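For reference, the structure is listed below as structure tokens.
The values are calculated or read from the model by the stated rules, or taken from the named source; none is laboratory data. For clarity, every value in this text was computed on a predicted model and none was experimentally measured. Reconstructed Cβ throughout: ideal geometry from the backbone, glycine too, with neighbour counts over all protein chains shown.
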Amino acid sequence: MYVCPFFFATDTRLVFSNKNVIFVKKKIMEQIVENLQKIKSQLLDNVKLVAVSKVKPNEDIMAAYHAGQRLFGENYVQELAQKYEQLPKDIQWHFIGHLQTNKVKYIIPFVSCIQSIDTPKLLSEVNRLAAKHNRTVDVLLQFHIAEESTKFGFSIEEVKEMFQLHPLAEFPNVRICGVMGMGTFTEDMTQVRREFKTLKSYFDELKATYFEHAGYFKEISMGMTDDYLIAQQEGATIVRIGSAIFGKRIYNKQ
């Protein structure tokens, strides 16, 4: 019986290829766990880690999950909704990207925290839809602290005006737990530290003025892969870290 040698050659290459893929994936999973453990060892006990998993596959998230990570952050509504359906239900999902009011409905049934409340309109919509689902949703007020105009967020004056026009009692289905901000994308860590100090001062002012007796108003979310240690020094209680855990992101070209 004649057997084509090309079949065997091709089949062998496929076997080796599959073994290589499995080996590489195993190494990636091991690296994620190692990265996660290293970062957690650097964080104070009162600092929570949100693992930013945007555009990362479920298997990468599960590697962190099996290592004990439960807080994950996503930037895109559709991606978050899909991952919620596909992944374990004890994951606490934080939405950290810019959120349009017409997309709140897709995440409001399950999201643990929306860190990016940046307009009164968005806060009102989250409150309205949370009430519809019989939920109280944790949120953070996002402040614009960076020099970059492309970043979103309130000014401190806008938040004061919002609370003058709309007392906290108007939002019974949201729990404002603190503040969030992003530093400027720069190598000048002195500038970044200054911006983090600004966010901390906003937190202190809001706490003293509006939330003095609210124990839940305690979160300062700031610091990412390049500056989370500085953020921690300046009072962060939440850091949002992605590429230092999962590696650099590869975005699909549209």
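Hey, could you check region 128-157 for residues that are of a type in the set (G, A, S) and not in a helix (DSSP H, G or I) and say which is nearest to M182 (Cα to Cα)? Out of the qualifying residues, it is A146.
Filtering region 63-81 to residues that are part of a helix (DSSP H, G or I) and either touching a residue at least 40 places away in the same chain (Cβ under 8 Å) or surrounded by 17 or more Cβ atoms within 10 Å (Cβ to Cβ) (or both) leaves A63, A64, Y65, V77, L80, A81. Among the residues of region 35-52, just one is within 14 Å of E219 (Cβ to Cβ), assigned to a loop (DSSP other than H, G, I, E, B) and not aliphatic (A, V, I, L, M), namely N46. Looking only at residues in region 163-188 that are part of a helix (DSSP H, G or I) and out of contact with any Phe, Trp or Tyr (no Cβ under 9 Å at 6 or more places or on another chain), the one that is nearest to V126 (Cα to Cα) is E170.
Tell me, yes or no, whether region 82-89 has at least one residue that is assigned to a helix (DSSP H, G or I) and surrounded by 15 or more Cβ atoms within 10 Å (Cβ to Cβ). Yes - at least one qualifying residue is present in region 82-89. Scanning region 67-103 for residues that are over 27 Å from E34 (Cβ atoms) and of a type in the set (A, V, I, L, M) returns V77, A81, L99. For V55, are the conditions met, namely being outside any helix (DSSP H, G or I), at positive phi and within 14 Å of the chain's Cα centre (by Cα)? So V55 passes the test. Residues that are surrounded by fewer than 18 Cβ atoms within 10 Å (Cβ to Cβ), closer than 18 Å to E85 by Cα and either without any contact (Cβ under 8 Å) to a residue 12 or more places away in the chain or of a type in the set (S, T, Y) (or both) within region 36-62 comprise just one, P57. Pick from region 121-172 the residues that are of a type in the set (D, E, K, R) and modelled with pLDDT under 95: which of them is farthest from K207 (Cα to Cα)? Only one residue fits best here, namely E148. Contact map, region 194-223: residues that are free of Cβ contacts under 8 Å to residues at least 60 places away in the same chain and surrounded by 20 or more Cβ atoms within 10 Å (Cβ to Cβ) paired with residues that are in a helix (DSSP H, G or I) and among the charged types (D, E, K, R), Cβ distance under 7 Å, separation 6+ or inter-chain. Pairs shown: I220/K200. Of all residues assigned to region 201-213, none qualifies as being closer than 27 Å to W93 by Cα, of a type in the set (S, T, Y) and outside any helix (DSSP H, G or I).
Which residue is modelled with the highest pLDDT, if the candidates are limited to region 178-193 and must be among the hydrophobic types (A, V, I, L, M, F, W, C) and surrounded by fewer than 16 Cβ atoms within 10 Å (Cβ to Cβ)? For region 178-193, the residue satisfying everything is M189. Contact map, region 97-120: first residue farther than 18 Å from T136 by Cα, second residue basic (K, R) and modelled with pLDDT of 95 or more, Cβ cut-off under 8 Å, separation 6 or more or different chains; pairs are G97/K54. Across region 229-254, the qualifying residues are those that are more than 15 Å from H94 (Cβ to Cβ) and not in a loop (DSSP other than H, G, I, E, B), and the one among them that is farthest from the chain's Cα centre (by Cα) is Q233.
Using the structure shown, decide if Q191 is in a helix (DSSP H, G or I) and either in contact (Cβ under 8 Å) with a residue 40 or more places away in the chain or under 25 Å from A51 (Cα atoms) (or both). The answer is yes for Q191.
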